[in-house]
Amino acid sequence: GAGVSQTPSNKVTEKGKYVELRCDPISGHTALYWYRQSLGQGPEFLIYFQGTGAADDSGLPNDRFFAVRPEGSVSTLKIQRTERGDSAVYLCASSLSGGYQETQYFGPGTRLLVL
Amino acid sequence: AQSVTQLGSHVSVSEGALVLLRCNYSSSVPPYLFWYVQYPNQGLQLLLKYTSAATLVKGINGFEAEFKKSETSFHLTKPSAHMSDAAEYFCADGGSEKLVFGKGTKLTVNP
């Protein structure tokens, strides 16, 4: 079956602009995660959805970052007033029900470059 | 707070040699440990995971890892490296639902 997909694969924007990054999880997976991977670092947790609601958004760095999952499937990560420091690969993952032993399946990521 | 430390940001081995990638965890709750591999321009792929059923865990592509509670370690090994093993490897702790990753180890395999 289809894995986790993310669009766009690459996004170049200018400082101060607004961007949206999309994630399509594996069908039937209720848990969805967003991570950010900066150059030379491991992925860092941003937010975790269980169904439509954000179960844990403690990783969002500030109020410029927001994510939604209105129908419990596709999720969109939104970044307002982008800064050069937001440049990174944004990874999305999904798991069947969100338990901490569960395998998270990752998408290929969106590479964001803020000029 | 959870943390994961991967010793050695770069490891280089010869084809056919033993691969050893180190991972130490620090967690106040029982750890649920994972190893992921990331090939260039691709997403993370699960290699193996520790779920407390057995301390020696076998994964895909001939990799295995041993959980040692006394050493708080979960090192990844493979007896004989192949050129196709060249990638970046991440250890992660999932003890609190969100994964906490180490910084990664880039493996180079020399012919």
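Bear in mind these aren't lab numbers, they're just calculated from the coordinates by the rules spelled out. Please read all numbers here as calculations on a predicted model, not as lab measurements. Note that each Cβ is placed from the backbone with ideal geometry, even for glycine, and that neighbours are counted across all protein chains shown.
Please report how far the C-alpha centroid of the range A:10-30 lies from that of the range A:52-103, rounded to the nearest whole angstrom. Taking the Cα centre of each part, the range A:10-30 and the range A:52-103 sit 9 Å apart. Packing order of peptides B:31-38, A:70-77, highest average first: B:31-38, A:70-77 (average count of other Cβ atoms within 10 Å over each peptide's residues). Residues considered: B:Val13, B:Val100, B:Val29. Largest GNM mean-square fluctuation over chain B, using C-alpha springs under 10 Å, is found at B:Val29.
For the protein assembly as shown, the pair-distance distribution built from all alpha carbon pairs, in bins 10 Å wide starting at 0, is 8, 33, 35, 19, 5, 0 percent.
Modelled spin-label separation between A:Glu71 and A:Tyr18, with each label point placed 7 Å from Cα along the Cα-to-Cβ direction: 2.2 nm.
Listed values for the range B:11-26 are Karplus-derived 3J(HN,Hα) couplings in whole Hz (6.51 cos²θ - 1.76 cosθ + 1.60, θ = phi - 60°), namely 10, 10, 9, 8, 4, x, 7, 5, 9, 9, 10, 9, 9, 10, 10, 9, and x replaces Gly and Pro.
Neighbour counts of C-beta atoms inside 10 Å place B:His82, B:His75 in the sequence B:His82, B:His75, starting with the fewest. Neighbouring Cβ atoms from other chains, within 10 Å of the Cβ of residues in B:37-50, number 4 on average.
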